[in-house]
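The values are calculated or read from the model by the stated rules, or taken from the named source; none is laboratory data. Source: prediction; values computed, not measured. All Cβ positions, glycine included, derive from the backbone under ideal geometry; neighbour counts span all protein chains shown.
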C-alpha cells in the first residue's frame, strides 16, 4: 500500500534519500561540494570524483565482504568511503576500521612495490550520538588519525576517520555562518522544509532542493523512496521504544541493587533488547540477514533465534 507523503523534500537519512543526493552520477557535484567543505583544510581542493563499486570482496572465500553506502576516488587516487548510520551499532567503530582495510589492500601491486599508499578517508554521517561523546554536547565533528599518545603528533597521515554526530548540530539558520554549516543544516532539516530559505539560495543548495523534491520522482523512484522511508521510520520507532524501555529497566535495576553495576547492567540489557526489537522489525519486513547484522551488531545465530 502506498504511503501518503505530506513532505515536499526527501529525508536524507533514508537509504534512498542519501543515495539520491550523494550517490548518483548525475548529482555527484553535490557530493563533491560536501566533501570539499568537510575536508578542504585536511587535503585541499578535490577537483573531481569517480564512483567505485560499493561491494568489496575479501582476499579469500572465507573472508567477510563489505558493502559500502558510497565509495569514490578523487583525481589523485585517494579513496573515500561515505557511510550513513541511522541507529547505534555495538561495534560501529570496529566496522569502520574493518571497512578501511579494503581500499588499503586493493592498492597492493604485483611484483616490486615500495608500499606507498594513497590516502583513505572513512566518513560517517551519524543519526545518533556515541555514549562516550555525550559529555561534549557542542562537538559534532570528529577527525581521527593514528597519533602518538604522549605528544599527540600524527604518526600516520593517510588514514583518516571522520564522523559527524548530527543530533548535536542544533544551530538555527540565523546562527549559521559557514558553507559547511549550511550543509549540515540542510541534512538535518531538509524533510521539514517546504521552500528554499533565503539564506540557502546558493546554486549548489538550489540543486539540492531540486534533486530532493519528491514531486519530481517518477513512479518507480517514489515507490523506492516510500519503502526506504517506511524502513527508516520502523527502525526509529523500534529504537526509540527499546531505548525508553532500557532506561526504565536500568533505573529499576539501579534502585534494586543500589550499586553502579546494577545500573550499568540495566543499560546493557536495554541496548541488547533494543537490538533484538530492531532485528524483529527488519525480519518482518524481509530484510537480508547481512543487512540486519550490519544495523544491529547481532550475530547471525542470535538473529535466527
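The condition (being buried (at least 18 other Cβ atoms within 10 Å of the Cβ) and without any contact (Cβ under 8 Å) to a residue 40 or more places away in the chain) is satisfied by just one residue among 92, 68, 80: 68.
Given the structure, is residue 141 closer than 26 Å to residue 79 by Cβ, in the same structural domain as residue 96 (by TED's automatic domain parsing), surrounded by fewer than 15 Cβ atoms within 10 Å (Cβ to Cβ) and at pLDDT 95 or above? I'd like the intermediate steps shown before the answer.
Working: closer than 26 Å to residue 79 by Cβ: yes; in the same structural domain as residue 96 (by TED's automatic domain parsing): yes; surrounded by fewer than 15 Cβ atoms within 10 Å (Cβ to Cβ): yes; at pLDDT 95 or above: yes.
The answer is yes for residue 141.
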